[in-house]
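Here the structure comes first, spelled out in structure tokens, and everything after it is commentary.
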Amino acid sequence: MPPLQSASYYKIAPSEYITFGWNFSSIIVTPTALTVAAVGANGYTYPVGPTDGVIPGTAQSVVWYPYGYQAAAPSLPLVQASYTLHIWADGGPSAFPTPGYLAPNSGLVFSMYTPQAYTPLTSGWQCAGCSGALPQLKIDSALPGVVAMIVIMLLSGFTTLRRVWD
């Protein structure tokens, strides 16, 4: 799995596959099967992989086609959000860590999004937060106070200089 500090973003789109990989260390008892699932920010659990999330216990990767999953399960669509990848063996997702056995893992967080169609600028699209910002300049309640402070500062500076010159 990638380092936990990196952010991963994946498209929910045709021909976009996600490959999750891992390695085993200190495993003495090989599990018969692994279950891989993604738990979304919405609380739903989605099976990962081509076989409803259950893969052979010796597998070190799984390939997931989120777009295909979404087309096959329209009643539980994937959302544009963060997901936590869960991997567990025969003992289940809440198995107590036992030496030599695979401990459940949920250390990978990733995000998925649905890409939007391209909108050319010539079609009239405008940025709501940045277009025409200068004409929309509003006098903030602090602006007159700041201007007054600068004028007073300049006038008192001239008064002080005039006393020095006299």
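Taking Ser26 and the conditions (1) open to solvent by 40 Å² or more (accessible area, probe 1.4 Å); (2) in contact with a Leu (Cβ under 8 Å, 6 or more places away or on another chain); (3) over 20 Å from Val109 (Cβ atoms), which numbered condition does it fall short on, given that it satisfies the others?
(2)
The rows are residues; the columns are (1) open to solvent by 70 Å² or more (accessible area, probe 1.4 Å); (2) at pLDDT 80 or above; (3) assigned to a helix (DSSP H, G or I).
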{"site": "Gln116", "(1), (2), (3)": "yes, yes, no"}
{"site": "Thr122", "(1), (2), (3)": "yes, yes, yes"}
{"site": "Gln126", "(1), (2), (3)": "yes, no, no"}
{"site": "Asp140", "(1), (2), (3)": "yes, no, no"}
{"site": "Met149", "(1), (2), (3)": "yes, yes, yes"}
{"site": "Ile152", "(1), (2), (3)": "yes, yes, yes"}
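Would you point out which residue out of Pro14, Pro66 is open to solvent by 70 Å² or more (accessible area, probe 1.4 Å) and either touching a His at 6+ places or on another chain (Cβ under 9 Å) or over 19 Å from Pro104 (Cβ atoms) (or both)?
Pro14
Of the residues Ser6, Ser15, Ser75, Ser82, which single one is in contact with a Ser or Thr (Cβ under 6 Å, 6 or more places away or on another chain) and either under 30 Å from Ala117 (Cβ atoms) or at pLDDT below 90 (or both)? If you could, list the steps in order and put the result at the bottom.
Values: Ser6 fails: in contact with a Ser or Thr (Cβ under 6 Å, 6 or more places away or on another chain); Ser15 fails: in contact with a Ser or Thr (Cβ under 6 Å, 6 or more places away or on another chain); Ser75 fails: in contact with a Ser or Thr (Cβ under 6 Å, 6 or more places away or on another chain).
Within the list Ser6, Ser15, Ser75, Ser82, the selection yields Ser82.
Of the conditions (1) within 30 Å of Ile28 (Cα to Cα); (2) modelled with pLDDT of 90 or more, Gly100 fails just one. Which one is it?
In the conditions (1) within 30 Å of Ile28 (Cα to Cα); (2) modelled with pLDDT of 90 or more, Gly100 misses (2) alone.
Kindly provide the set of residues from region 56-85 that are of a type in the set (A, V, I, L, M) and either in a loop (DSSP other than H, G, I, E, B) or without any contact (Cβ under 8 Å) to a residue 12 or more places away in the chain (or both), ordered by number. So that I can check it myself, show each step before the final result.
Taking region 56-85 and keeping what is of a type in the set (A, V, I, L, M), we get 59, 62-63, 71-73, 76, 78-79, 81, 85.
Residues satisfying the conditions are Ala59, Ala71, Ala72, Ala73, Leu76, Leu78, Val79.
From Ala38, Ala73, grab the single residue that is under 25 Å from the mean Cα position of the chain (by Cα), within 25 Å of Pro14 (Cβ to Cβ), of a type outside the set (D, E, K, R) and exposed (fewer than 14 other Cβ atoms within 10 Å of the Cβ).
Ala73
Mind listing whichever residues of region 92-128 are within 19 Å of Val62 (Cβ to Cβ), more than 23 Å from the chain's Cα centre (by Cα) and not hydrophobic (A, V, I, L, M, F, W, C)?
Those that are within 19 Å of Val62 (Cβ to Cβ), more than 23 Å from the chain's Cα centre (by Cα) and not hydrophobic (A, V, I, L, M, F, W, C): Gly92, Pro93.
The values are calculated or read from the model by the stated rules, or taken from the named source; none is laboratory data. Note that this is a predicted model, so its numbers are computed, not measured. Using ideal geometry, Cβ is built from the backbone for each residue, glycine included, and neighbour counts are taken over all protein chains shown. With ligands, DNA and RNA removed, areas are computed over all heavy atoms of the protein, side chains included. Shrake-Rupley method; radii C 1.70, N 1.55, O 1.52, S 1.80 Å.
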